[in-house]
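Taking it in order: structure first as structure tokens, then the write-up.
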Amino acid sequence: MNLRFSPLQEDDIHLACRLLQSNLPESVYNQTIFACGGYPEYLKAACKCGSHSATLLIGAYSEDLLIGFAEWRRMEQMLVLNNLNVDAAYRKDGIGGKLMAYGETLAQKDGISKLALDVFSWNEQAHAWYLRLGFAEEGRTYWYVRDLAPS
């Protein structure tokens, strides 16, 4: 497989959004910012800013097909992984690990010495993977949801 990592192309934002949606349970996806109609516009703006943006979007391409991507955010002295998605057909090919390594290289170029991320508590496979990559749990946050009575 001819694999290439590069900034996400604006024309591929719809594919990145589709990856996000396909990798989350619908009930979770619908409660995230990813389901917001403005999220693709946010990604487009980040693409236009390129390396000057606080948000770095990295695509994993096989030939010219987007098969994975990572969204990194620069924050003070750390680079935060906001999301990482790989097409189901290409999982177990090491693409996620290569996207993580790409982020580490970006951090080092910017003089950043810490990577951070969060992960849903139900995603045990991701928890185990991040631990294997050397991440350590520093805390937990909780997601609260409340239905409103119809008016």
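The values are calculated or read from the model by the stated rules, or taken from the named source; none is laboratory data. For clarity, every value in this text was computed on a predicted model and none was experimentally measured. Note: areas computed on protein heavy atoms with side chains; ligands, DNA, RNA excluded. Shrake-Rupley method; radii C 1.70, N 1.55, O 1.52, S 1.80 Å.
See the values below:
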quantity: The stretch 15-128 - Rg over Rh from alpha carbon coordinates, Kirkwood radius; calculated: 0.94
quantity: Probe 1.4 Å, accessible area per residue of the stretch 18-107, Å²; calculated: 51 Å²
quantity: Sum of -39500 (n - 2.57) over DSSP H runs of 4+, divided by residues of the chain (222 nm, nearest 500); calculated: -9500 deg cm²/dmol
quantity: Heavy atoms of LYS44: accessible area, 1.4 Å probe, square angstrom to 10; calculated: 70 Å²
quantity: Eligible lysines near LYS109 by straight Cα distance, threshold 18 Å, same-chain separation 8 or greater; calculated: LYS98
quantity: Relative contact order computed over the stretch 1-66 (Cα-Cα under 8 Å; 6+ residues apart), in percent; calculated: 56 percent
quantity: Amide H within-cut-off set for ILE67, under 5 Å, with H built and near neighbours excluded; calculated: ALA60, TYR61, SER62
quantity: Accessible-area value, THR141, 1.4 Å probe, nucleic acids and ligands omitted, Å²; calculated: 130 Å²
quantity: Under Karplus coefficients 6.51, -1.76 and 1.60, residue-wise ³J(HN,Hα) of the stretch 88-97 in Hz, glycine/proline x; calculated: 3, 5, 10, 5, 6, 9, x, 5, x, x
